[in-house]
Structure formats: C-alpha cells, structure tokens
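Please treat every number below as a calculation from the coordinates, not as lab data. Everything numeric here is computed off the predicted structure, so don't read it as measured data. Note that each Cβ is placed from the backbone with ideal geometry, even for glycine, and that neighbours are counted across all protein chains shown.
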Amino acid sequence: MLVNLKSVLPKARKRRYAVGAFNTSNLEITQAIIKAAEELNSPVIIATSEKAIRYAGIESVSQIIIGMAKRATVPVVLHLDHGSSFDIVRECIKYNYTSVMIDASHLPFHENVKLTREVVRYAHKRGVTVEAEIGRLAGIEDDRKVRKTEAIYTDPDEARRFAEESGCDALAVAIGTSHGAYKFKGKPRLRIDILKEIAREVKIPLVLHGASGVKAKWINRINKFGGALEHARGVPDVLIKKAVQHGISKINTDTDVRIAFTAGLRQYLAQNRKDFDPRVITGYARDMITRVIKDRIDTFGSVQKA
Ligand code: G3H
Ligand code: 13P
Ligand code: ZN
C-alpha cells in the first residue's frame, strides 16, 4: 500500500529500528526494492532524486512506482530525495508523491526554516509529509558538490529550533557520513556523541543520508569482472546499528544499489558472452540489488515491521 512517512517513521523511532529509503530511476530497481521489502515484510521508502526524475521522466517513473506500491503487501512511501525548490516539490505532489524532501541545508538557518515551513504548509494540506535537512554532508548534495572542508555537523540546539519552527516530519542530520562510494580515508567514524545530543533535543524521526555500506564483497566483484573502483569505502554495519539505537529512523541508500547493479551486469556479461537479451542481463543485476537491499533492511532492523 502507498503511504506517507507518518505511517512508518514515528513507530520506527519509538521502537528503535530504521526504515530504508532506496533510490530508484528505473523499473528493475523499483521491482528489486519492493521484492526485498515484501520478502522481509518490511516497510520501505522509494526515493527519486531530481536527476532520476529528469532521467526517467516524472510521469513514467511515478506511475511505475505508484502502481507497484499500491499492489505491494507492505507499506511503501514514494519520496522526493533532496528536492531543491518549491517547484520540484509542487511537481512531485502533482504526480502523487506521498512525501518530499526539501533540502535547503546550504542556506542560512532562517532561510532554510522559511522555505521548509512554506513547503510543509503546502504539503501537509495535501496529505504529503516533509523531510528537511540541517547541517551539510560532504560529497554530492543534489547537483552541488560539497567539499569535505565545507561539511558541517548538525548543531543539536539548532536542530531542535529548526524542527519546532519548520514543522517538518523528519529531519536529516550531518554526523560524518557523505554521499557516494568514497566516504572515509582512514577509519570510518560517525559522531554518535552529536547524534545522542540531537536525539535528546529533537523528538521527530531523524534521517541518515550517505549511509551506504560499500561492502568489499561487491567492490571486489566489480573489479574482478573489469571494473576499477579503488579505495571505495562505506559505513560499516556496526555504525549503522549504533546510529539506529540513537534515534536514526530513516536511512538512505543509493550507492549500494548502484554497486549491486554494476556488479550484476559486469559479472553476467563477462560470464555469458553470447547473451544479448536485456531482460536476462538486467534481470540478473536486479537479483543482485534485491540481495543487497535485503541485507540493508536486515541491518536496519525493520524485518517483520510492516
Ligand atoms: O543524495 C544523492 C543521491 O545519491 C542521488 O544521486 O542526484 O545522482 O541521482 P543523483
Ligand atoms: P549513499 O551515497 O551513501 O548511498 O547515500 C544516498 C543518499 O543519501 C540519498 O539521499
Ligand atoms: Zn542524500
């Protein structure tokens, strides 16, 4: 069934598990996300970034996801990831998204609050939930590059004021993760101390972006079959579990999905040199994505929480 964040996140925060948000831009990834969630009886969030919307076309991608979500045996949220403007929010709501993120985290505090509050007012009137962000992650924030030196941890006191003043339903915080496949140079580290303080101050569900695990098993498979991904490193499961214990209840994963897809494609094509049926080739990659998403859902603790 198609639902918004309100039906899945507050419960998760209370019972200390997290709901996975997985990015999609096509049919096969969407199928893999829903299959994994159904097999584990877990709620799930399907997210499209603005780039994904531009790639697939909002009409096609929203219809595919909504059709599948309505038929799914588990709660499914259709969510805009890193929305950068009121216009894209309006467009997504027009196409029946049940949830949007407005990411004005690059703006000064008051401007971030102001834009988020306007979006909240518009979205709530239409039964749509809103995620916002405070603090900045290194890496890619929508189409902008944020340099490591520009990344700022979320201030707990600002986070409380932001949540109160904006009225958002979920709040993304910056505690040391970054988007993409190259998250840490040295030992992976998250500021769980900051997260604990934020969780004391902010009672709405908290969101962790840039949370992919980038596991060696998949990177090695890509490299074995012709890829060249060196020094890729993600957030270890133990840190994810700690973050969930301390208030994170929505976890975003895109890179792991991309890695599973690429590993599947590379392996299949290398081992089956005579095949050229896209359904078989992408079907194999789709199965790899399902496996990875099931592993993520298990780590987040949302198995049997549908
Ligand atoms: O948060 C970033 C997501 O991984 C989306 O990436 O803008 O390339 O679709 P994208
Ligand atoms: P990863 O790049 O770690 O998968 O993060 C994705 C994300 O935060 C999407 O909003
Ligand atoms: Zn993100």
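Could you work out how far the C-alpha centroid of segment 1-21 sits from that of segment 67-83, in angstrom?
After rounding, the separation between the Cα centres reads 12 Å.
Residue by residue through segment 281-291, what is 3J(HN,Hα) from phi via Karplus (6.51 cos²θ - 1.76 cosθ + 1.60, θ = phi - 60°)? Round to whole Hz and write x for glycine and proline.
5, 6, x, 5, 4, 4, 5, 5, 4, 4, 4
Any idea what log10 I(q)/I(0) is at q = 0.14, 0.21 Å⁻¹ for segment 16-114, Debye with uniform C-alpha scatterers and no solvent?
Reported log10 I(q)/I(0), two decimals: -0.52, -1.02.
Quick one: which residues, 5 or more positions from residue 213 or on another chain, have an amide H under 5 Å from its amide H? H modelled 1.01 Å from N in the peptide plane, none for Pro or chain starts.
Those qualifying (amide H under 5 Å, at least 5 residues apart or on another chain) are 235, 256.
Considering amide H positions built from the backbone, and no H for Pro or chain starts, which residues 5 or more places from residue 130, or on another chain, come under 5 Å of its amide H?
It is 100, 169, 170, by chain and number.
So who's got an amide H within less than 5 Å of the one on residue 206, skipping anything under 5 residues away but keeping other chains? H placed 1.01 Å off N, in plane.
171, 249, 250
Work out from phi, with θ = phi - 60° and the Karplus expression 6.51 cos²θ - 1.76 cosθ + 1.60, the ³J(HN,Hα) of each residue of segment 118-131, listed in order in whole Hz, and give x for Gly and Pro.
My calculation for segment 118-131 gives 5, 5, 4, 4, 5, 5, 4, 4, 10, x, 9, 8, 10, 9 Hz in order.
Run the reach check for residue 203 against aspartates and glutamates, Cα to Cα strictly under 17 Å, same-chain hits fewer than 8 apart removed. What comes back?
Result set, ordered by chain and number: 131, 133, 155, 157, 158, 164, 165, 169, 193.
Tell me the Kirkwood hydrodynamic radius of the chain in angstroms, computed as one over the mean inverse distance between distinct C-alpha pairs.
After inverting the mean inverse Cα-Cα distance, the result is 19.2 Å.
What are the semi-axes of the equivalent ellipsoid of segment 237-306, taken as the square roots of 5 times the eigenvalues of the Cα gyration tensor, listed largest first and rounded to whole Å?
32, 11, 8
Provide the packing ranking of 8-17, 36-45, i.e. peptides ordered by the mean count of other C-beta atoms within 10 Å per residue, highest first.
Values: 8-17: 18.5, 36-45: 22.1.
Top to bottom by mean Cβ count within 10 Å: 36-45, 8-17.
Would you look at the GNM of the chain, springs on alpha carbons closer than 10 Å, and say which of 88, 293, 134 moves the most?
So, out of 88, 293, 134, the one fluctuating most is 88.
Where does each of 167-176, 283-292, 256-265, 230-239 land if you order them by average Cβ count within 10 Å, highest first?
167-176, 256-265, 283-292, 230-239
For residue 305, list the lysines whose Cα falls under 17 Å from its own Cα; do not include residues on the same chain fewer than 8 positions away.
6, 11, 14, 35, 241, 250, 294
When the Cα centres of segment 93-115 and segment 166-189 are compared, how far apart do they sit, in Å?
If you average the Cα positions of each part, the centres end up 18 Å apart.
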